[in-house]
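**Q** The structure follows.
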Amino acid sequence: MPGRFGIARLFGPSYSLRCVAIHDISAAESPFTRGMRVSITPGNFEAALRFLTRYYTPVRLQDVLAESDGRDLPPRAVLVTFDDGYASVMEWAAPLCGKFGVPAIFFLNAAFLDNHRLAPDNLVCYVANVLGMETINAAVRAVKGADSPKLQSLREVFSFFFPTISLAERQIFLDALVHLGGINERQLAGEAGLYLTRKQVCELAALDFEIGNHTYTHVQCRSLTSADFGQEIDRNKAELEALSGKKVRSFSLPYGSSADLTSDLARNVQLSGHEAVFLSESVANPRGTDRVCFDRVSIHANKDDAFFFEIEVLPRLRALRNHLWRPWARSDGPALTSVQSDGRHRRRSTAS
Ligand SMILES: [Zn+2]
């Protein structure tokens, strides 16, 4: 395996901090997650930790914040992160990370802690799996009108529909789903028990895991207006800090797209005290990557060869593709600006 790391460098020599993004860890998918590709099995998760601790050096957020351009991090530094606050991370991630000595960040949405509400993605997924896409499309029509194009899949809901609607329209859509499905959301959320409790967040913080911000209600950030930032970003940060007793220093964008990281959002998250921002486009981070847009790799593999391909090879190829064919994707546009302490924008360095 070590020789393969040299070969991987042929696909792009500069790969500084490796970041891994994980969501749910469960042996079987439920109607709330089936079709979203957010779950990995406990066995595959343990295999991933074994792979990461054998070939990489797991680091803490503090290590990343303390270094300036990637030169002070250990060789093959890797940062492990979890999004969405699924209850399964308390059952599997915390004990297994402890066993392997792997630090981690848990990016949470405070609105869903204690299971009184369902996150929008899980509600949509449940309705699609239990009642079918026709119910989803009926709720879409409640927002977009009778002539709205018919959506065929969950992916189309999350990738094509959600980015086009405001927060208020999303609430109309979700209310329509609940109404059309005859769902008692509070009861369903309580029975499903999908998410961490507030007590468990305290326990994670006490175990020295880092707690991060993932917006209050898991929103598509490109739909946020300046007036929404306080409710979705600042409120979530404040609630998580009150709960954990620790400063929330990092932010991960729901859905992980650089297209959602507008200059307004980048400015707001930094001015509100976040020191690092994470995407999920599975692209390699070159040395000198701006802290406002670390990319992360979602892992789904189950053995070393496949992990190597997911973490080491494909992200380099995507970076190469972006460099050659989509130069605007990582060298221009509002997503790649950051804010200095005096509030002025700084263009992200793309030097590797
Ligand atoms: Zn998420």
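**Q** So, of the residues in region 221-241 that are touching a Pro at 6+ places or on another chain (Cβ under 8 Å) and of a type outside the set (A, V, I, L, M, F, W, C), which turns out to be modelled with the highest pLDDT?
**A** Arg222
**Q** Going through Glu203, Glu169, Glu185 one at a time, which residue ends up being more than 23 Å from Tyr126 (Cα to Cα) and either away from the ligand (no atom under 15 Å from the Cβ) or at pLDDT below 95 (or both)?
**A** Just a single option satisfies the conditions, and that option is Glu203.
**Q** Now for a different question. As an exercise: evaluate Ser244 against (1) within 16 Å of the ligand (Cβ to nearest atom); (2) modelled with pLDDT of 95 or more and give the number of the one condition it does not meet.
**A** (1)
**Q** State all residues of region 149-166 that are of a type in the set (Val, Ile, Thr), within 14 Å of Val127 (Cα to Cα) and in a loop (DSSP other than H, G, I, E, B); if no residue qualifies, say none.
**A** none
**Q** Another one. Would you be able to tell me the number of residues in region 257-284 that are within 16 Å of the ligand (Cβ to nearest atom) and open to solvent by 40 Å² or more (accessible area, probe 1.4 Å)?
**A** Going through region 257-284 one residue at a time, the tally reaches 2.
**Q** Still on this structure, please answer the following. Conditions: (1) under 27 Å from Asn268 (Cα atoms); (2) within 16 Å of the ligand (Cβ to nearest atom); (3) among the hydrophobic types (A, V, I, L, M, F, W, C). Leu194 meets all but one. Number of the miss?
**A** The single condition Leu194 does not satisfy is (1).
**Q** With respect to Gln152, determine if the residue is under 20 Å from the mean Cα position of the chain (by Cα), of a type outside the set (Lys, Arg) and open to solvent by 40 Å² or more (accessible area, probe 1.4 Å).
**A** No; evaluated as a whole, the condition is false for this residue.
**Q** Considering only residues that are at pLDDT 95 or above and in a loop (DSSP other than H, G, I, E, B), which ones fall in region 1-25?
**A** His23
**Q** Report yes if some residue within region 287-304 is within 16 Å of the ligand (Cβ to nearest atom), of a type in the set (Gly, Ala, Ser) and either without any contact (Cβ under 8 Å) to a residue 12 or more places away in the chain or touching a Cys at 6+ places or on another chain (Cβ under 9 Å) (or both); otherwise report no.
**A** no
**Q** Among the residues of region 23-41, write down those that are touching a helix residue (DSSP H, G or I) at 6+ places or on another chain (Cβ under 7 Å), crowded, with 20+ Cβ neighbours inside 10 Å and more than 11 Å from Ser88 (Cα to Cα).
**A** Scanning region 23-41 gives Phe32, Thr33.
The values are calculated or read from the model by the stated rules, or taken from the named source; none is laboratory data. Predicted, not measured: the structure shown is a model, and the values here were computed from it. We place every Cβ from the backbone using ideal geometry, glycine too, and count neighbours over all the protein chains shown. These accessible areas exclude ligands, DNA and RNA; they are computed on the full protein's heavy atoms, side chains included. Shrake-Rupley method; radii C 1.70, N 1.55, O 1.52, S 1.80 Å.
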